[in-house]
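A quick write-up on the structure given underneath.
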Amino acid sequence: MKAGEDTKTVVYARVSSQGQNPDLQNQREAIKIFCAQADDHVDEWIEEIGSGLNDQRKHFNRLMQEIELGQVKRLVIAHKDQLVRFGFEWFAAFCEQHHIRNE
């Protein structure tokens, strides 16, 4: 399955609790700068509050489903532990198998 022309670039940012909202804003700003410097257009911004150990995160699970369905061409995250606390290598391999650029 390859990402097609109608696929999107998605940013995923996460913090564990409401008290970490400033970190969520920092992630957003850092990614905006990164994407602007790379002249990349972001189609969707996903921000989530929840533990990286929680595998029932609504937005995270929807993102994984969209990757599986070939709807995402690129995934941008500020820090790999914002996607998952452990096992990032599995998710990187999952993205690679679905021809997703993850940065």
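For the stretch 22-42, the candidate set comprises residues that are open to solvent by 80 Å² or more (accessible area, probe 1.4 Å) and part of a loop (DSSP other than H, G, I, E, B); within that set, the residue that is nearest to residue 82 (Cα to Cα) is 41. Part of a loop (DSSP other than H, G, I, E, B) and out of contact with any helix residue (DSSP H, G or I) (no Cβ under 8 Å at 6 or more places or on another chain): does that describe residue 6? Against the criterion (part of a loop (DSSP other than H, G, I, E, B) and out of contact with any helix residue (DSSP H, G or I) (no Cβ under 8 Å at 6 or more places or on another chain)), residue 6 qualifies.
Counting only residues that are closer than 24 Å to residue 66 by Cα and hydroxyl-bearing (Ser, Thr, Tyr), which one in the stretch 1-21 is surrounded by the fewest Cβ atoms within 10 Å (Cβ to Cβ)? So the residue we want is 16.
In the stretch 79-102, of all residues being touching an Asp or Glu at 6+ places or on another chain (Cβ under 9 Å) and not in a helix (DSSP H, G or I), the one that is most open to solvent (accessible area, probe 1.4 Å) corresponds to 102.
Taking the conditions exactly as written (in contact with a strand residue (DSSP E or B) (Cβ under 8 Å, 6 or more places away or on another chain), surrounded by 15 or more Cβ atoms within 10 Å (Cβ to Cβ) and part of a loop (DSSP other than H, G, I, E, B)), does residue 70 satisfy them or not? Considered against the rule, which asks whether it is in contact with a strand residue (DSSP E or B) (Cβ under 8 Å, 6 or more places away or on another chain), surrounded by 15 or more Cβ atoms within 10 Å (Cβ to Cβ) and part of a loop (DSSP other than H, G, I, E, B), residue 70 comes out as no.
The values are calculated or read from the model by the stated rules, or taken from the named source; none is laboratory data. Keep in mind that what you see is a predicted model, and the values were worked out from it rather than measured. All Cβ positions, even for glycine, are placed from backbone atoms using ideal geometry, and neighbour counts span all protein chains on display. Just the protein is used for accessible areas: all its heavy atoms, side chains included, with ligands, DNA and RNA removed. Shrake-Rupley method; radii C 1.70, N 1.55, O 1.52, S 1.80 Å.
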